[in-house]
Amino acid sequence: MIKTAASILGCLVLLLYTKTAVAQSGDPYKDSLLRVVARSQPDTHSLKAATLLYKLYFNEGDFKNSLQYCRQALQFTERLGIPEKQARITYSIGLNYTNQNMYDSARYYLDKCVTLPGSMKDTMLLVQCNNTLSILSNYQSDHSTAISYLMKSVELLEAVKSPDLKGVMAQTYMNLTNNLIAEQQLEKGIAYGKRALEFTGYPDEQRHRILVHLDLMDAYIKQNQARDAGRHLDTAVQLNQVLNNVVMANLVNNNKGIYFEYINDLPSALKAYKLAYHLADSMQQDLVRGNPANNIARLHFKLGNYKEAEQFAHAAIGVGTRTHQMKILADAYSLLTNLYETTGDYRKALKMALLNKRFADSATNSATQKVTLSLEAKYQHQKKEKEIAELKADAAENELLILKRNRILLIGSLCAAILLLIIGWLYKISKHKQTITEKEKKLQLEHINFLERQQQVVSLQSMLNGQETERTRIAKDLHDGLGGLFSTVKMNFSVLQYENPTLKENPLFQKSYEMVDTASVELRRIAHNMMPEVLMKLGLIQALQDMCAAISSGRLLLVTLQAYGMDKRLNGSSEIMLYRIIQELIANIIKHAQATEALIQFNKNGNRLTITVEDNGRGFNMMDVDTTKHSGMESVRNRVNYLNGQINIDSRRGIGTTVLMEFLINDDELSLP
């Protein structure tokens, strides 16, 4: 059964229809605000203008400019000495980063907002921070952590018991319902959903009720209770008719298709999916277009309409590519694989299967890759050993021939002593042949040495690939094993604390909760460092951007990444090697260079890739230091050699260090487009 899209729209609908009068004022109004912000000396007017600008750009969906003026407003509050406004502006910065999927930066500012004095007495702001942090956890499929943040919001709201906050309470219960159902805690999810339906008379009540009824439909389908699922779907349909909201109509129709497909009414399901798709198309909203497209393609395939199935699968791929929705891409490529295999087009089926593998579950990819690399290494090793053995046998045979030839020449010279001219002529011929044979022997020995070096490279490749495969396996085991266990313990602590308020005063309970939370965060950090998920799914440049943002957020080292000509991804093995090289160089800068700034630059021109890493640290004397004796730099050199690249290090005391690497990239080393 296809999971409902309520978990996505529950957060997004709040943003799609929040256009304000300020956002509709037009360019003249925006220009006047920009002129006020541009004053040489900031004052309360420029602070107000910057605040209006970041809200205006946020409502327009221009999160980059919104973030710029958020930062400027925060600087104005610091220079004007207005700390009471810092908390809400800091929250707005975190919200902007959230909408740009920059998880580490968003979490940094949201956590900082909670600790500022201005948020301590602002219950609404604290609830907003917790709810946004739960959205961040949802983006990373960490539903247990999302539940923990939402439970904090429930605790704050129930302590205040203000009728003005009941809409926020209903929304918080709604989010809890969605996360509990996603965690397969269906009974608890249903219980919170029913509590959310008890609130009435608050803004956006109808829309929230629709989302809750759709979540309850999803839960009852998972419990195989078709009657209850249909009852909640009917209620959502009736509420949507009164609401007349296009976004909600899209969501309701997609869930109607899910229900009809569950009861095996495929024509009705197809009709509902098509209506949902056309509604999303009319709004030009890719975020809610991918699921209906895949659903339509799947049903057409079941019904034998292969042409229509192919059309909608490609539409889903376009949506998934633009919005970076990996699940949409994986499902679409899986369907196309089955379709082309059914129609006998095995070349396309193979291509689609490879693309599906690229976006499929990382654990499956890891196991498949491990087996493939092991078999490939064994085959290449066996092949090289056979070639070396054959060349050594040829060399031994040639040596025996040389020995026999020398003996014949010696006997011939003794027998032909009386024929000095003939002996001299034969001797010259013999020496000439001997020289040629020795040259051939030398060439064969050089060839043997070359093959032995190739074998060493293959062994190094197998070792490095094995290390990366083991890193991936350990990171996956940590995240899915211990990570899931920690998440469950944290969730149980949160629910236990909520259900038994007296535990809040128990120091041992609170200390245990904090220790579990710290261990969970540290575990996720270790798993992320061993094999960042964004590296596998979005590629090298995005992974390095995340790493730079995480390091720069600590404010001890500002790391800047520049990439030119890196529009296409490299193959997975090359991207992992380059990521480890950059990771090791940055680690050396942090440990030894005492630098404040570092620059990473990628420049790809044709088939040549140049990578530069430089810092403004204390540097060192190249004559005094042997970099080959340092394990970190030795690891970097090994990985550069693995990629058949060249590395050059230039450092001067008091100026800094520059590491230059060059690689030749063949066309077949690029990923499929």
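Miscellaneous remarks
- Binning the alpha carbon pair distances of the stretch 171-228 at 10 angstrom intervals from zero yields the distribution 27, 54, 17, 1, expressed in whole percent.
- Net charge of Cβ neighbours under 11 Å - reference Ala87; Lys, Arg +1; Asp, Glu -1: +2
- Subtracting the Cα-Cα distance of Met622 and His314 from 0.36 nm times their residue separation leaves 105.3 nm of extension gain.
- Model label sites at Ser162 and Lys302, defined 7 Å from Cα along the beta-carbon direction, differ in position by 4.9 nm.
- Dividing the radius of gyration of the alpha carbons in the stretch 533-669 by their Kirkwood radius gives 0.95 for Rg/Rh.
- R0 of 56 Å, Cβ-Cβ distance Ala395-Glu662: FRET efficiency to nearest 0.05: 0.95
- Whole-Å semi-axes of the ellipsoid equivalent to the stretch 215-347 (Cα gyration tensor, √5λ, descending): 26, 18, 12
- Distances between every pair of Cα atoms in the stretch 125-187, grouped in 5 Å steps from 0 to the bin holding the largest one, split as 4, 21, 31, 23, 13, 6, 1 percent.
- Here the Kirkwood formula, the inverse mean of 1/r across different C-alpha pairs, assigns the stretch 21-121 a hydrodynamic radius of 13.8 Å.
- Extent along principal axes [Cα atoms of the stretch 289-360; Å; largest to smallest]: 31, 24, 14
- A straight chain from Ser32 to Thr610 at 0.36 nm per residue would run longer than the Cα-Cα distance by 203.6 nm.
- For the listed residue pairs Lys152/Lys537; Lys327/Lys348; Lys271/Lys351; Lys30/Lys85, the alpha carbons are over 27 angstrom apart in Lys152/Lys537; Lys271/Lys351.
- The stretch 60-135: trypsin sites (Lys or Arg not before Pro) falling in loop per DSSP and having at most 15 other Cβ within 10 Å: Lys121
- If you plug the beta carbon distance of Asn603 and Ser553 into 1/(1 + (r/R0)^6) with R0 = 25 Å, you get a FRET efficiency near 0.45.
- Dipole magnitude for the stretch 125-187: computed about the Cα centre from +1 point charges on Lys and Arg Cβ and -1 point charges on Asp and Glu Cβ, it is near 160 debye.
- Shape of the stretch 160-293, Cα gyration tensor, a/c cut at 1.5: oblate
- Loop-resident GluC sites (Glu not before Pro) (DSSP state other than H, G, I, E or B) in the stretch 46-84 with no more than 10 further Cβ atoms inside 10 Å of their Cβ are absent.
- Charged-residue dipole, Cβ positions (Lys, Arg, Asp, Glu), the stretch 72-149 about Cα centre, Debye nearest 20: 180 debye
- Loop GluC sites (Glu not before Pro), the stretch 143-203, which have at most 15 other Cβ atoms in a 10 Å radius of their Cβ (DSSP): Glu198
Here, each number is a calculation from the coordinates, and none is a lab measurement. These numbers were taken from a predicted model, which means no experiment stands behind them. Cβ atoms come from the backbone with ideal geometry, glycine included; neighbour counts cover every protein chain shown.
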